[in-house]
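Quick notes on the structure that follows.
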Amino acid sequence: MIQMQQVDFGYGREPLFRGMDLTLAPGNIYGLLGINGAGKSTLLKLMIGLLFSRSGSLKSFGYDPSRREPGLLAQVFVLPEELNLPSVTEREYLAIRSPFYPRFDRAAFDRYLNEFEVPRGRKLTALSYGQKKKFLLSFGLACQSALLLMDEPTNGLDIPSKGQFRRLIAEALTDERLFVISTHQVRDVAALIDPIVILHQGSVLLARALNDISSRIRMQLSATQPADDARDLLHWEPAVGGFWTVWKDVSTGGGQIDLEVLFNTIVSQPDVCRGLFGTQGVAS
């Protein structure tokens, strides 16, 4: 579990997070969403001690990540957006890195590489960007770490590989593991991520499971543009063949949720959405 209470962080004198509260529980694949500069990558780094908060409390699986203790590091794998693999072969990489993960499963690693069709025996620097991404995904899944953080994991993957990624991530999740996917490509992972965490202007605007979200709003495609002053209208935007409309509605529940439209709704009217969803930073 990751628990953040009243966390402040900034670069230089510029604040980024102010009094942030957020709790993430194992057994979930969280979708971390936000505009450029909202702090998604920064938040991931705080969770594992690559950056340090100015104040507040942060615990990752019971550890203070700023201490970088081996007990925590053995439970964490990070797939960064920018890949910087060493000029070594697959075997050399395993010899160097896998001993840090006590639960590393070599058979599973080989299976993942085969499913992703990653070339074997080459220097890792000779692989394409997409092949490097699939190599690290294979390694990260085989580590069987309790905390798997992924920053834009589908960038560089072709269409078949994106489908394989979704399937393998879903298969790897257990009640003891916690996955976080930070992305702008929400349509790539819409069927995978739940709950949703939206960062905006230094705070958590939304941290909710999708069934909770869909019980409070109604989202639908309409043929005509709604009036801006329509009762209970939260947001509308053009769509192919009509308009997406989002309404405050606690009577229906269980309806369709388009994550891009949800995100636009939340960030365009943060005060309204805080009143609708509350301000709790607990997503489970």
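Suppose the chain between Ala190 and Thr174 were pulled fully straight at 0.36 nm per residue; how much longer would it get relative to their current alpha carbon spacing? Could the numbers behind the result be given before it?
Details: separation 16, 0.36 × 16 = 5.76 nm, distance 1.92 nm.
Gain on stretching Ala190 to Thr174: 3.8 nm.
Can you pull a Stokes-Einstein diffusion coefficient for region 209-283 at 37 °C (0.692 mPa s), Rh from Kirkwood over Cα pairs, as a whole number of µm²/s? Mind dumping the intermediate values first?
Values: Rh = 12.7 Å.
For these conditions, the coefficient is 259 µm²/s.
A Cα-only calculation for region 1-128 places Rg and Dmax at 17.5, 48 Å. Neighbours of Gln131, meaning other residues whose beta-carbon lies under 12 angstrom from its beta-carbon, give a summed charge of +3 when Lys and Arg score +1 and Asp and Glu score -1.
Largest first and in whole Å, the equivalent-ellipsoid semi-axes of region 10-78 read 20, 16, 11, each the square root of five times a Cα gyration tensor eigenvalue. Ranking Phe77, Pro65, Ile96 by Cα position along the charge dipole of the chain, where only Lys, Arg, Asp and Glu carry charges on their C-beta atoms, puts Ile96 farthest toward the positive end. For the chain, the longest principal axis of the Cα atoms and the long axis of helix 106-116 meet at an angle of about 60 degrees.
Identify which of Val186, Val78, Val250 has the largest mean-square fluctuation in a Gaussian network model of the chain, with springs joining Cα atoms closer than 10 Å. Taking springs between Cα atoms under 10 Å, the residue moving most is Val250. With the alpha-carbon atoms of the chain aligned to their principal axes, the span from lowest to highest coordinate is 63, 45, 34 Å, starting with the largest.
Given a Förster radius of 22 Å and the C-beta distance between Lys59 and Ser98 as r, what FRET efficiency does 1/(1 + (r/R0)^6) yield to the nearest 0.05? Before the final figure, lay out each step's value.
Numbers: r = 27 Å, r/R0 = 1.22.
The computed FRET efficiency comes out at 0.25.
For the chain, the longest principal axis of the Cα atoms and the long axis of helix 259-268 meet at an angle of about 60 degrees. Fewest-first ordering of Leu113, Leu206 by other beta carbons within 10 Å of each residue's beta carbon gives Leu113, Leu206. Cβ crowding within 10 Å, taken as a proxy for footprinting-reagent exposure, orders Leu178, Leu85 from fewest neighbours to most as Leu85, Leu178.
Every number in this text was worked out from the coordinates using simple rules, so none of it is lab data. Values in this document were obtained by computation on a predicted structure and should not be read as measured data. Backbone-built Cβ (ideal geometry, glycine too); neighbour counts: all protein chains shown.
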